[in-house]
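A.B. asks: This structure is in structure tokens; I'll ask about it shortly.
The values are calculated or read from the model by the stated rules, or taken from the named source; none is laboratory data. Here the structure is a predicted model, which means the values were calculated and not measured. Positions of Cβ are backbone-derived with ideal geometry, glycine not excepted, and every protein chain shown enters the neighbour counts. Quick note on the areas: whole protein, heavy atoms, side chains included, nothing else; ligands and nucleic acids left out. Shrake-Rupley method; radii C 1.70, N 1.55, O 1.52, S 1.80 Å.
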Amino acid sequence: MPDALRVIDFGRVTPLRSQTLWHAAAYGVSAGAPPTLSFARPSAAYVCLGYHRGLDEVDQEYCRRAGLPVYRRMVGGGPVYLDDGQLFFQICLPAGMVPASRLDALRALLEPAVTAFRATGADARLDENLEICLGDRKICGHGAGQIEGTVVVCGNLIERFDHERATRILALADQAQRAETLRLMRRYVAATPVEAATFKSAMSRAYADALGMTPGPGAVTAAERSRLTELDERFTCEEWLAGPATGSPAPRPRARQVKVRAGVWTLAAAEGTARVVASVVNGTVARAYLTAPGLNGSTEAAQRAVTGKPLTAVAGVLDRFGGPGRQLAAAFAAADGRRL
């Protein structure tokens, strides 16, 4: 087992390099470089999309107008907004050092980050959904994946957060869903104004201690530098941005869903002439905006009836509103929190 943890601080880099540098390090670890903890801060704002997610989840026209580059990363997760108010970290380990279970691996690689947050004075915890939280508010987004023989977990220190832009970059046809997503972003995503140098030092200690290693400053190898050139080209290629080819187009989901944090999401769906926009918090409908012409003045009553109810109970609640209620229930049924 390696005894040294390579720590690379890439510093302030271009949006493109804030992605390709750590990808190059992941390839390097797979080829025999030491386990690596890296940090990077983008010099400008941009949007990044998980490997398997659809580009149509991003409002590309808005991003063009706003001058926001869009890149596709090689680990999972939905579209996210990144800027210089966030310090990003990546831990890259040989797959053999990581538990085989995905959940166990994610827990093992996030717990040191929680230790680091706590060392800087934030009363952080890893909740049951494996979110790093302060109370019930997410203070660190994360993504995970495997690049060749390297397991990677990425996260961030959110020093300040532009909730409006983080919502605006999403392709949402329904403005009620956009407004509700923004409300939940403000409620459940919080900044942690910690000194970056203090955080990086705490992270290096926490990961080194958890792995039984000694942390030390490192640099990109010649092989990684060569890989970096190839990654720069790949990440700016339109074919790469379009996403992996699957042979046949995936069926379009019947509901547009947006995850704000684990267990907190919005949905917009239609069934016939009925339309639903709702927010769900821990399996319960927090707010609902319903449209069904046949309700004949019972719209507000139907909205009140489903608010506060488990999502699994909505069909039974709406059944008493007759055919329009059953149409609304079918729209709700299009949502699937497991997809988030």
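A.B. asks: Per residue, how much accessible surface does the chain expose to a 1.4 Å probe? Answer in Å², no decimals.
C.D. replies: Ligands and nucleic acids excluded, the result is 44 Å² per residue.
A.B. asks: What whole number of Å gives the distance from the Cα centroid of region 269-320 to the Cα centroid of region 89-130?
C.D. replies: Spelled out, the Cα-based centre of one part sits 37 Å from the other.
A.B. asks: Also: Could you state the angle between the C-alpha long axis of helix 222-235 and the longest principal axis of the C-alpha atoms of the chain, as a value from 0 to 90 degrees rounded to the nearest 10?
C.D. replies: Tilt relative to the chain: about 20 degrees.
A.B. asks: Sticking with this one: Return the distance in nm (one decimal) between the two label points of a simple spin-label model at Arg234 and Ala196, each offset 7 Å from Cα along Cα→Cβ.
C.D. replies: 2.7
A.B. asks: Answer rounded, prolate or oblate for region 169-309, using the Cα gyration tensor with square roots of eigenvalues a ≥ b ≥ c: rounded when a/c is under 1.5, else prolate when a/b is larger than b/c, else oblate.
C.D. replies: On the way: a/c = 3.54, a/b = 1.76, b/c = 2.01.
It is oblate, given that a/c is not under 1.5 and a/b is not larger than b/c.
A.B. asks: I would also like to ask the following. Residue separation times 0.36 nm, minus the C-alpha to C-alpha distance between Asp162 and Asp319: what's the value? Display every interim value, and only then the final one.
C.D. replies: On the way: separation 157, 0.36 × 157 = 56.52 nm, distance 4.04 nm.
Additional length available on full extension: 52.5 nm.
A.B. asks: Continuing with this model, one more query. Over the Cα atoms of the chain, how large are the radius of gyration and the largest Cα-Cα distance (Dmax), in Å?
C.D. replies: 21.5, 71
A.B. asks: First measure r as the distance between the Cβ atoms of Ala301 and Asp136, then evaluate 1/(1 + (r/R0)^6) with R0 = 45 Å and state the FRET efficiency to the nearest 0.05.
C.D. replies: Calculated value: 0.90.
A.B. asks: Could you tell me whether region 148-200 comes out rounded, prolate or oblate from its Cα gyration tensor? Rule is a ≥ b ≥ c as square roots of the eigenvalues, rounded for a/c under 1.5, then prolate if a/b exceeds b/c, otherwise oblate. Numbers along the way, then the final one.
C.D. replies: Working: a/c = 3.42, a/b = 1.52, b/c = 2.25.
In terms of gyration-tensor shape, oblate.
A.B. asks: What shape does region 105-167 take by its C-alpha gyration tensor, where a ≥ b ≥ c are the square roots of the eigenvalues and a/c under 1.5 counts as rounded, a/b above b/c as prolate, and the rest as oblate?
C.D. replies: Here region 105-167 falls in the oblate category.
A.B. asks: Tell me the angle of helix 322-333 to the major Cα principal axis of the chain, expressed in degrees between 0 and 90 and rounded to the nearest ten.
C.D. replies: The helix 322-333 is inclined about 10 degrees to the chain.
A.B. asks: Which angle between 0 and 90 degrees, to the nearest 10, do you get for helix 102-119 versus the longest principal axis of the chain when only C-alpha atoms count?
C.D. replies: For helix 102-119, the angle is close to 70 degrees.
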